[in-house]
Amino acid sequence: MTKLYLLLTALLGGSGVILGAFGAHGLRGKVAENLLEAYKTGVHYQLIHALALFGVVLLMQQLGERTSQQAAGALLVAGALFAIGVLFFSGSLYGLTFGGPRWLGPVTPLGGLLLIGGWVALFVAALRFPH
């Protein structure tokens, strides 16, 4: 699972940079300002959570066999919630920017809840770390 999370980290980070550059150079003047701001928010959260996922990978690698099952499980959950949360949160904002269906609007806060859940799972993992 560590390799999958590392691959997702690279994918989210690299695509976040590409999407950010596209938004800065390709969207200005082509979409409404409020949509451009929503797009920028999506990129911002994507990049932050790519780094958070990388942190999960580093913790998984560092702790290895020394970690408890509960801490390892919480780290797995945190990584999954970060990845899925970015897909829902940032993905829905990107979709709305490009004229996607209105039902994407309620997906954004759901993605935000998933991202928050990732941070909660990381907190739980920290409580279970070895002393």
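Would you mind stating whether V56 is surrounded by 21 or more Cβ atoms within 10 Å (Cβ to Cβ), within 27 Å of L127 (Cα to Cα), within 13 Å of the chain's Cα centre (by Cα) and not polar (S, T, N, Q)? So that I can check it myself, show each step before the final result.
Values: surrounded by 21 or more Cβ atoms within 10 Å (Cβ to Cβ): yes; within 27 Å of L127 (Cα to Cα): yes; within 13 Å of the chain's Cα centre (by Cα): yes; not polar (S, T, N, Q): yes.
Taking the combined requirement at face value, the residue satisfies it.
Table: residues versus (1) surrounded by 13 or more Cβ atoms within 10 Å (Cβ to Cβ); (2) at positive phi; (3) aliphatic (A, V, I, L, M).
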position	(1), (2), (3)
A24	yes, no, yes
L27	yes, no, yes
V43	yes, no, yes
L47	yes, no, yes
Q61	no, no, no
L76	yes, no, yes
F88	yes, no, no
G95	yes, no, no
G105	yes, no, no
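Just to verify a result, which residue in the stretch 63-72, among those that are part of a helix (DSSP H, G or I), of a type in the set (G, A, S) and in contact (Cβ under 8 Å) with a residue 12 or more places away in the chain, is surrounded by the most Cβ atoms within 10 Å (Cβ to Cβ)?
Step one: list which residues in the stretch 63-72 are part of a helix (DSSP H, G or I), which gives 63-66, 69-72.
Subset that is of a type in the set (G, A, S): 64, 71-72.
With in contact (Cβ under 8 Å) with a residue 12 or more places away in the chain added as a condition, the list becomes 71-72.
Details: A71: 20, A72: 18.
Of everything passing the filter in the stretch 63-72, A71 is surrounded by the most Cβ atoms within 10 Å (Cβ to Cβ).
Quick note: the coordinates plus some simple rules give every number you see, no bench work behind them. Values in this document were obtained by computation on a predicted structure and should not be read as measured data. All Cβ positions, even for glycine, are placed from backbone atoms using ideal geometry, and neighbour counts span all protein chains on display.
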